[in-house]
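See below for the structure under consideration.
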Amino acid sequence: MVFQLHGGEIMSNQSMSFKGLRLLIVDDDPDTRTLLTFLFEIDGAEIITAASAGDALEIMSFFKPDILISDIYLPDESGCSLLTKIRNIEARRGRKIPAIALTASAFDEDRNRALLAGYDIYRCKPIDLDELASTVVNLARLEQYA
């Protein structure tokens with residue numbers, strides 16, 4: 001999926017269907033939340049965003065996402081501890097949510113900590129939208145067969 005700015009509009013030359021997919025996006029950067037919401041909603045996903053771990057945990061009380069995309073540096077706690085809490089909530093529901101760490105940190109120690117905490121994928125900002133969309137599609141397909 002390649003996005004081009006055309007007359008103030010973002011256009012994609014490839015369409016992926018995210019119809020029926022439910023995503024929880026947790027990032028304290030409002031531009032990241034807006035961009036990811038646009039990326040996935042335009043092709044049919046249901047998106048709820050949160051600016052903090054506390055907000056994300058509150059959302060989990062009524063929303064059952066198929067995939068979590070979260071920054072690892074959040075204002076109230078780390079994305080790693082958030083993932084542990086979300087995975088505990090999901091375990092009580094009899095589910096396991098795939099998770100993507102999406103962060104500005106390219107340090108190996110942050111990557112290792114996130115993967116050890118249970119994130120399935122670690123991606124650095126700036127975001128490669130094609131790669132992220134493909135990653136989400138692949139994780140969603142894997143979950144269908146779990």
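The values are calculated or read from the model by the stated rules, or taken from the named source; none is laboratory data. Please read all numbers here as calculations on a predicted model, not as lab measurements. Cβ coordinates were reconstructed from backbone atoms using ideal geometry, including for glycine residues, and neighbour counts include every protein chain displayed.
Numbers below:
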item: Residues of the range 117-135 classified as in contact with a helix residue (DSSP H, G or I) (Cβ under 8 Å, 6 or more places away or on another chain) and either of a type in the set (D, E, K, R) or outside any strand (DSSP E or B) (or both), total; result: 10
item: Selected residue [without any contact (Cβ under 8 Å) to a residue 60 or more places away in the chain, more than 21 Å from ASP128 (Cα to Cα) and surrounded by fewer than 23 Cβ atoms within 10 Å (Cβ to Cβ)] from GLU77, GLU41; result: GLU77
item: Per-region count, the range 90-126, residues loosely packed, with under 15 Cβ neighbours inside 10 Å and either of a type in the set (Val, Ile, Thr) or touching a residue at least 40 places away in the same chain (Cβ under 8 Å) (or both); result: 2
item: The range 60-113, residues that are out of contact with any strand residue (DSSP E or B) (no Cβ under 8 Å at 6 or more places or on another chain) and hydroxyl-bearing (Ser, Thr, Tyr); result: SER61, SER78, SER81, THR84
item: Residue in the range 9-16 that is polar (S, T, N, Q), at pLDDT below 95, touching a Phe, Trp or Tyr at 6+ places or on another chain (Cβ under 7 Å) and part of a strand (DSSP E or B) present; result: yes
item: Failed item, numbered, when ARG33 is tested on (1) at pLDDT below 95; (2) closer than 22 Å to GLU131 by Cβ; (3) not β-branched (Val, Ile, Thr); result: (1)
item: Any hit, the range 26-34, residues being under 18 Å from PRO126 (Cβ atoms), in a helix (DSSP H, G or I), in contact with a strand residue (DSSP E or B) (Cβ under 7 Å, 6 or more places away or on another chain) and without any contact (Cβ under 8 Å) to a residue 40 or more places away in the chain; result: yes
item: The one condition in (1) at pLDDT 95 or above; (2) within 20 Å of LYS19 (Cα to Cα); (3) not in a loop (DSSP other than H, G, I, E, B) that LYS64 fails to fulfil; result: (3)
